[in-house]
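S.K.: Structure below; questions to follow.
Taken together, the values in this text are just the output of simple stated rules run on the coordinates, not laboratory data. The structure presented is a predicted model; accordingly, all values stated were derived computationally and were not measured. As a convention, Cβ positions derive from the backbone with ideal geometry for all residues, glycine included, and neighbour counts pool all protein chains shown.
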Amino acid sequence: MKCPQAAIFDLDDTLAESFRPPTSGMVTKLRTLLDLMPIAIMTAAGFARIENQFLSELADSSFISRLYVFPNSTAECYVYKNKAWEIAYSESLTKDERLSITEAIRESIAETETFPAHPKYEPMIIDRDAQIAFAALGLDASLEEKQSWDPDKAKRKKLVTVLEKKIPQFEILMGGMTTIDITRKNVNKAYGVRWLSERLGIPTSEMLYVGDALYPGGNDEVVIATGIQTRSVTGPDKTQIVIDELVKVCNKKINASN
Ligand SMILES: [Mg+2]
């Protein structure tokens with residue numbers, strides 16, 4: 001592997017098991033890598049969850065200013081300035097837009113046979129300003145229940161097909177195991193990659209994206225079109241190996257240039 005000038009990581013099933021915080025071992029590795037290059041985290045998750053789960057453990061790094069956090073499918077970016085996380089940009093949806101998305105989801109559920117989704121759980125619509133997330137099993141289902149609900153995405157695909165007809169003016173993405181995320185058109189991880197490339201003045205081809213869903217139809221696949229280098233992982237264990245490799249090749253590069 002060649003040492004990239006910046007590294008981007010997906011969160012769920014890449015830096016951490018789904019919906020769980022990264023292990024302290026992973027956080028330590030991220031800190032080590034942050035000493036060497038800018039790092040970004042791109043995820044469909046909301047900022048509150050990321051902040052609660054692990055950002056405080058990174059905040060005292062001397063290089064914290066080069067950590068970029070992109071929640072809500074990169075509809076927003078947060079950076080650390082003056083001891084606080086602040087918004088670098090937000091592709092917020094207007095109140096009317098959020099209302100029409102919410103209505104379209106309700107109508108689509110009513111028109112799609114797959115719903116109600118589960119005998120035990122009610123679907124939930126979560127409004128996070130820059131992204132509306134539809135959680136088919138709500139928030140309380142166990143990991144196992146989520147995993148077994150729509151493993152081939154067939155249920156969500158039906159809903160997405162209906163949604164695409166109703167609200168073609170928005171970006172409709174399948175994320176995680178049970179969710180559909182809706183943002184402003186063309187706001188997806190490729191948007192985040194291009195924004196970061198411009199902000200850092202580093203060509204996308206000199207950056208590396210690490211994710212578990214780079215396969216066709218996966219929620220990381222969109223980044224490939226930006227020309228970024230990619231590394232596919234099957235979970236946090238593999239990601240740790242990639243970070244170790246990065247630290248090794250990038251340390252070598254620094255030593256060689258000294
Ligand atoms: Mg993932």
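S.K.: So what is log10(I(q)/I(0)) for the chain at q = 0.09, 0.15, 0.17 1/Å, when the Debye sum runs over its Cα atoms only?
M.R.: Taken in order of the listed q values, log10 I(q)/I(0) reads -0.40, -1.07, -1.34.
S.K.: Can you list the aspartates and glutamates whose alpha carbon is less than 15 Å from that of Lys2, not counting same-chain residues fewer than 8 positions off?
M.R.: The qualifying aspartates and glutamates are Glu206, Asp244, Glu245.
S.K.: Here is a further query. On a 0 to 90° scale, report how tilted helix 154-166 is relative to the longest principal axis of the chain, with both axes built from alpha carbons and the result rounded to the nearest 10.
M.R.: Between the helix axis and the principal axis of the chain, the angle is about 80 degrees.
S.K.: Using only Cα atoms and rounding to the nearest 10 degrees, what angle (0 to 90) does helix 236-257 make with the longest principal axis of the chain?
M.R.: 30
S.K.: Working out 0.36 nm times the residue gap between Glu51 and Ala88, then minus their Cα-Cα distance, what length gain in nm do you get to one decimal?
M.R.: Full-extension gain reported as 11.8 nm.
S.K.: Can you pull out the GluC sites (Glu not before Pro) in region 53-128 that DSSP calls coil and that have at most 14 other Cβ atoms within 10 Å?
M.R.: Glu113
S.K.: Suppose we keep just the alpha-carbon trace of region 95-184; what are its Rg and Dmax in angstrom?
M.R.: 12.2, 36
S.K.: On to the next question. Under a Cβ-Cβ cut-off of 13 Å, what is the net charge of the residues other than Gly138 that fall near it, where Lys and Arg count +1 and Asp and Glu count -1?
M.R.: Charge balance in the 13 Å sphere: -1.
S.K.: Kindly express, to the nearest 10 degrees and within the range 0 to 90, the angle between helix 95-111's C-alpha long axis and the longest C-alpha principal axis of the chain.
M.R.: It works out to around 60 degrees.
S.K.: Could you rank the peptides 239-250, 143-154 by their average count of other C-beta atoms within 10 Å per residue, with the highest value first?
M.R.: Top of the packing list down: 239-250, 143-154.
S.K.: Could you list, by residue number, the cysteines of the chain that have no other cysteine's beta carbon within less than 4.7 Å of their beta carbon?
M.R.: Among the cysteines of the chain, those whose Cβ sits 4.7 Å or more from every other are Cys77.
S.K.: For region 147-258, what is the per residue volume of the convex hull drawn over the alpha-carbon atoms, in cubic angstrom?
M.R.: That works out to 108 Å³ per residue.
S.K.: Between region 97-147 and region 173-221, what is the C-alpha centre distance in whole Å?
M.R.: After rounding, the separation between the Cα centres reads 22 Å.
S.K.: With springs only between Cα atoms under 10 Å, which of Ala136, Ala117, Ala44 fluctuates most in a Gaussian network model of the chain?
M.R.: Ala117
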